[in-house]
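Comments concern the structure below.
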Amino acid sequence: MKAYKCSECGYKSITKKYYCPECRATAYEIVDVSGDGTVYSYTTIHIAPPEFADLAPYQVVLIELSNKLKVTGFMKDKVNIGDKVTIKEIKDSTYVFEKVS
Ligand SMILES: [Zn+2]
């Protein structure tokens with residue numbers, strides 16, 4: 001998956017920011033990062049907005065990637081904190097993860 005890396009200090013973020021939160025530079029490059037990680041926290045959504053209704057119930061998960069970046073995503077699987085996951089797809093700029101068995 002793609003991440004944004006600050007050209008000045010190397011700070012990495014999954015989401016594009018207007019400026020680097022570390023050094024306030026605005027130049028960045030796009031780098032590839034691993035989509036593997038572990039579940040850091042999650043919330044189960046039972047009543048979904050219309051665009052996600054066919055997914056419900058689903059989990060909104062905060063994933064800590066293997067490189068320590070954190071990213072918010074969706075999971076259809078039931079999860080627990082500490083579960084190993086990997087990115088399955090990026091759908092409408094939403095990250096969908098699945099469990100690694
Ligand atoms: Zn920076």
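Details
- The set of residues in segment 6-18 being open to solvent by 60 Å² or more (accessible area, probe 1.4 Å) and either within 10 Å of the ligand (Cβ to nearest atom) or part of a strand (DSSP E or B) (or both) consists of GLU8, CYS9, TYR11, LYS12, LYS17.
- GLU29 in a loop (DSSP other than H, G, I, E, B), at pLDDT 90 or above and within 16 Å of the ligand (Cβ to nearest atom): no
- Search result, residues across segment 24-48 that are open to solvent by 90 Å² or more (accessible area, probe 1.4 Å) and within 27 Å of VAL85 (Cβ to Cβ): TYR28, ILE30, ASP32, TYR40, HIS46, ILE47
- Every residue from segment 71-101 that is more than 13 Å from GLY37 (Cα to Cα) and either basic (Lys, Arg) or touching a Cys at 6+ places or on another chain (Cβ under 8 Å) (or both): LYS76, LYS78, LYS91
- The conditions of being surrounded by fewer than 16 Cβ atoms within 10 Å (Cβ to Cβ), within 16 Å of the ligand (Cβ to nearest atom) and more than 15 Å from the chain's Cα centre (by Cα) are met by PRO21.
The values are calculated or read from the model by the stated rules, or taken from the named source; none is laboratory data. Just so you know, these numbers come straight off a predicted model, no measurement behind them. Glycine gets a Cβ as well: all are built from the backbone with ideal geometry, and neighbour counts include every protein chain shown. Remember, those area values only see protein heavy atoms, side chains included, never the ligands or the DNA or RNA. Shrake-Rupley method; radii C 1.70, N 1.55, O 1.52, S 1.80 Å.
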